[in-house]
1. Does region 109-124 hold any residues that are assigned to a strand (DSSP E or B), exposed (fewer than 14 other Cβ atoms within 10 Å of the Cβ) and of a type in the set (Val, Ile, Thr), and which are they?
2. So is Asn42 over 16 Å from Tyr140 (Cα atoms) and modelled with pLDDT of 90 or more or not?
3. Determine if region 130-149 includes at least one residue that is touching a His at 6+ places or on another chain (Cβ under 8 Å), without any contact (Cβ under 8 Å) to a residue 24 or more places away in the chain and either more than 30 Å from Gly28 (Cβ to Cβ) or not in a helix (DSSP H, G or I) (or both).
4. Among the numbered criteria (1) in a strand (DSSP E or B); (2) modelled with pLDDT under 90, which single criterion is violated by Asp98?
5. What number goes with the only condition from (1) of a type outside the set (Phe, Trp, Tyr); (2) under 21 Å from the mean Cα position of the chain (by Cα); (3) at pLDDT below 90 that Ser49 does not pass?
6. Out of region 79-94, which residues are surrounded by 12 or more Cβ atoms within 10 Å (Cβ to Cβ) and over 17 Å from the mean Cα position of the chain (by Cα)?
7. Report, by residue number, each residue of region 60-79 that is without any contact (Cβ under 8 Å) to a residue 12 or more places away in the chain and over 19 Å from Trp148 (Cα atoms).
8. Tally the residues that are more than 21 Å from Phe40 (Cα to Cα) and of a type in the set (Lys, Arg), restricting the search to region 69-97.
Amino acid sequence: MKGRLYLLLLLIWTIGCSKDGDSKHVSGEEELFDEFYLSFFNDRVFQMSRINFPLRGGSTEYVFDESIHPDIENDKFMVSDGKFYWQEKGWVHLNEMDKSNLNYSLEFTNKTNKVDLIIKSKIDDFIIVMEFELIKKQWYLVYYSSDWY
């Protein structure tokens, strides 16, 4: 009986660690972007823990010109004071782009405590822009835009 209780507590503790986003690197050390990147795109729970919603961004699929769009809010997005934000409830897990797919180009730009990722379609005029920022030694997605240009 004690063994089962111990296993149950261990399971709860393990699940709790994975939800806080800290279990992927040693506490106190700055997280490496490459390790974050793999976890972010391959682990839904980890991904959700590294996005602070509402997430600033954009999408011409929903709002063509946010600066003149009236304020609106639903499960997927909201526009507030002329700015577009993604909502947690309607967020769809992002998967890593297959780097061998020749229909897209991936461009990484490294800055101090910031990495920008731009994915462009070579077939049509579609672009995805992601901005990641190092906050308190952990990487977070701080901007996501999917647009037709």
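The values are calculated or read from the model by the stated rules, or taken from the named source; none is laboratory data. Because the structure is a prediction, the values reported are computed rather than measured. Backbone-built Cβ (ideal geometry, glycine too); neighbour counts: all protein chains shown.
1. Of everything in region 109-124, just one residue is assigned to a strand (DSSP E or B), exposed (fewer than 14 other Cβ atoms within 10 Å of the Cβ) and of a type in the set (Val, Ile, Thr), namely Thr109.
2. no
3. No; the residues of region 130-149 include none that is touching a His at 6+ places or on another chain (Cβ under 8 Å), without any contact (Cβ under 8 Å) to a residue 24 or more places away in the chain and either more than 30 Å from Gly28 (Cβ to Cβ) or not in a helix (DSSP H, G or I) (or both).
4. (1)
5. That leaves (3) as the condition not met.
6. Val79, Ser80, Gly82, Lys83
7. Those that are without any contact (Cβ under 8 Å) to a residue 12 or more places away in the chain and over 19 Å from Trp148 (Cα atoms): Pro70, Asp71, Ile72.
8. Count: 1.
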